[in-house]
Ligand code: NAD
């Protein structure tokens, strides 16, 4: 029987104090259920099908960018949860002599996770395992756009958990809107800045805390000292994985003008080497994904056309096949700011190439846009790396590579302002789902000496 949103929320609320009492062992046992489910060959092959149907994702990418990432986070939790969950002693100032102070991380209560379609398993289950590990009850709404994977997640969670503990609610904007009416203790949202603002507005009505994992235009700076052959190959891969539909994919390149020609040549040959070795075209590569939907295909197509109409020129790619939702990795030159491609996050395999002469120009270009999720720097010159980092705020930075921002659980992952609020991964994600309760425990002594009557007291505080 399908429960309605209010019933789920009420039952989870009632259940939340029981969940808060769970030991670390019990929490980890729950997280391991997910791990074991994903290790089962039969379940895995159904997941391959779901992700193939949604994005034509190759099996290697399902493991590398979806299942593997969830499993890495689960292993990290298994190693660290005991340590994180302990009371954290802090030092005691002299006036509080006789007391002990500590911070206790405790579950926030009932939390909502809203996830996007681009890595539909990973971006649903990673926050989920941290929410469970922190002791919360969880309602998860995966994206309606990656419908096959969402159905898979619903079935999986339905088999592994009671719905008054973890429930998956499928549906579109109308369902998300109804969920956002409920007074969740925390909302963890991954998606666009546009919807992030709606989520934050709704959260404000209940003063629910939020984590917003958003997107934006992440620039890739390439200076005159970079190893162009190496960096072009890495960038060609990063822009093509998941068909460029990745929040951390480089959105546009700003390259030193002296290196542009070499970069274009190396980018082209890297695409051929990665996806067209047989010579039958990237569209026939089994390793290349598709655009998620007709809507996003048309959106990308109009960004491309708008750029060409306003004076951009095609350097490589530019092949669009609507019936197959295929877009080839595409490099564009002659880019100007008024083009739509420079006004919004591209989220697809189109890559504008801009050039600079003096490094001062780089910040001028980047600062026309809100703070990005990632800032990529390719350079062998320490001073330049420092200069570009200091002058350009971003959620994270990867130097001389791409994409890796979401792979080290010891680092916080997330944006800044328009690209996000709050951090995920590792301890930072555990914290998002935990309330930091401060506790002062008196063991002996008292504050008697500052109680009234005050006459003749020497105040030593
Ligand atoms: P989206 O914002 O359209 O949707 C995300 C979720 O919000 C979905 O579950 C959707 O059903 C729900 N939603 C959509 N409209 C809503 C509304 N009006 N009210 C309430 N909920 C609503 O994002 P998307 O298209 O699924 O994903 C692409 C975006 O996500 C890009 O901007 C990308 O950069 C970003 N993203 C960020 C990260 C990150 O970790 N920072 C990861 C992946 C994607």
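The values are calculated or read from the model by the stated rules, or taken from the named source; none is laboratory data. Being a predicted model, the structure only gives us computed values, none of them experimental. FYI the Cβ positions are ideal-geometry reconstructions off the backbone, even for glycines, and counts take in every protein chain you see.
If you check residue 51 against the conditions, is it touching a strand residue (DSSP E or B) at 6+ places or on another chain (Cβ under 6 Å), buried (at least 18 other Cβ atoms within 10 Å of the Cβ), modelled with pLDDT of 95 or more and in a helix (DSSP H, G or I)? Against the criterion (touching a strand residue (DSSP E or B) at 6+ places or on another chain (Cβ under 6 Å), buried (at least 18 other Cβ atoms within 10 Å of the Cβ), modelled with pLDDT of 95 or more and in a helix (DSSP H, G or I)), residue 51 does not qualify. Residue count for the stretch 176-199 satisfying the condition of being within 22 Å of residue 132 (Cβ to Cβ) and within 11 Å of the ligand (Cβ to nearest atom): 9. For the stretch 393-407: of the residues being closer than 19 Å to residue 381 by Cα and surrounded by fewer than 21 Cβ atoms within 10 Å (Cβ to Cβ), which is nearest to the ligand (Cβ to nearest atom)? Per the criteria, the residue is 397.
Please tell me if residue 74 is assigned to a helix (DSSP H, G or I) and surrounded by 19 or more Cβ atoms within 10 Å (Cβ to Cβ). When the stated conditions are applied, residue 74 passes them.
Within the stretch 408-426, is there a residue that is within 30 Å of residue 77 (Cα to Cα) and more than 15 Å from the ligand (Cβ to nearest atom)? There is at least one residue in the stretch 408-426 that is within 30 Å of residue 77 (Cα to Cα) and more than 15 Å from the ligand (Cβ to nearest atom). Just so you know, in the stretch 135-162 the residues that are out of contact with any helix residue (DSSP H, G or I) (no Cβ under 6 Å at 6 or more places or on another chain) and in a loop (DSSP other than H, G, I, E, B) include one that is nearest to residue 52 (Cα to Cα), and it is 145.
Which residues, taken from the stretch 308-332, are touching a strand residue (DSSP E or B) at 6+ places or on another chain (Cβ under 9 Å) and in contact (Cβ under 8 Å) with a residue 40 or more places away in the chain? Answer for the stretch 308-332, where residues must be touching a strand residue (DSSP E or B) at 6+ places or on another chain (Cβ under 9 Å) and in contact (Cβ under 8 Å) with a residue 40 or more places away in the chain: 312, 315, 316, 317, 326, 327, 328, 329, 331. Taking each residue of the stretch 195-218 that is farther than 22 Å from residue 109 by Cα and looking for partners that are assigned to a helix (DSSP H, G or I) and more than 10 Å from the ligand (Cβ to nearest atom) with beta-carbon atoms closer than 9 Å, six or more apart or interchain, yields 217/342; 217/366.
Within the option set 75, 115, being under 30 Å from residue 174 (Cβ atoms) and either in contact with a strand residue (DSSP E or B) (Cβ under 9 Å, 6 or more places away or on another chain) or more than 16 Å from the ligand (Cβ to nearest atom) (or both) holds for one residue only, 115.
Selection of first residues in the stretch 418-431 that are farther than 14 Å from residue 82 by Cα and touching a residue at least 12 places away in the same chain (Cβ under 8 Å) and of second residues that are within 10 Å of the ligand (Cβ to nearest atom) and in a helix (DSSP H, G or I), restricted to Cβ pairs under 6 Å at least 6 apart or on distinct chains, gives the following pairs, ordered by first then second residue: 418/193. Within the stretch 203-238, the set of residues being touching a strand residue (DSSP E or B) at 6+ places or on another chain (Cβ under 8 Å) and within 30 Å of residue 187 (Cα to Cα) comprises 203, 208, 209, 210, 211, 212, 213, 214, 217, 218, 219. Of the strands (runs of 3 or more DSSP E) lying entirely inside the stretch 206-320, those carrying at least 1 residues that are over 27 Å from residue 405 (Cα atoms), away from the ligand (no atom under 16 Å from the Cβ) and over 19 Å from the mean Cα position of the chain (by Cα) are 313-316. If you go through the stretch 370-419 and pick out every residue that is assigned to a strand (DSSP E or B) and out of contact with any strand residue (DSSP E or B) (no Cβ under 8 Å at 6 or more places or on another chain), you end up with 1.
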